[in-house]
Amino acid sequence: MNAQETKTEELIKKASSILGSFNSDEFVIFGSLAIILNGLDLRDGANDLDFFVSDDTFVKLEETFEKKFKGTNDGDIPYIELTEEIEVFKEFKGANFKNIYNRSISSKSSYGFRIAHIFDIIEWKKVQGRQKDTDHLKQIEKQFKRIFEF
């Protein structure tokens, strides 16, 4: 097991422990870790775990955890910080949980959580608009060009 796989396993097991009373089907792995779980490489790896949930699940989480806000190109996005490394986001402009869940995939490496489809992650990265997200989008595009080259 390499360092990224070990970190991934640690993060997902920690999230499972924290979210014990919730059904794993209420969460879709999003962000950098989902890019890696989709089989693509990131130069900087993934050191955190982001989940995407429905508005209803987000409200349930707010009963236990504090809601915070993160600035993006589209304004402030509410999120819940489970730990410094694990965050939960709710539906955002142009994306609802049901559609993202229906396009998501499962994998042994995600320990029961669904993994967002790469195209949904790309849209999320565009909404975030941070330098890190722009860099990730460039890396994804470069790998797509290499994969789909004829």
- Query: What number of residues within the stretch 5-35 are more than 14 Å from E85 (Cα to Cα) and modelled with pLDDT under 90?
  - Reply: 4
- Item | Qualifying positions in the stretch 45-75 - more than 17 Å from G129 (Cα to Cα), touching a residue at least 24 places away in the same chain (Cβ under 8 Å) and surrounded by fewer than 18 Cβ atoms within 10 Å (Cβ to Cβ) | G45, N47, D48, D55, K60
- For the stretch 59-80, does any single residue satisfy the condition of being of a type in the set (A, V, I, L, M, F, W, C), outside any strand (DSSP E or B), at pLDDT 85 or above and touching a strand residue (DSSP E or B) at 6+ places or on another chain (Cβ under 6 Å)? yes
- Checking L40 against (1) modelled with pLDDT under 85; (2) over 13 Å from the mean Cα position of the chain (by Cα); (3) aliphatic (A, V, I, L, M), the condition it does not meet: (1)
- In the set F58, F113, the lone residue that is in contact with a helix residue (DSSP H, G or I) (Cβ under 6 Å, 6 or more places away or on another chain) and aromatic (F, W, Y) is F113
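The values are calculated or read from the model by the stated rules, or taken from the named source; none is laboratory data. Source: prediction; values computed, not measured. Using ideal geometry, Cβ is built from the backbone for each residue, glycine included, and neighbour counts are taken over all protein chains shown.
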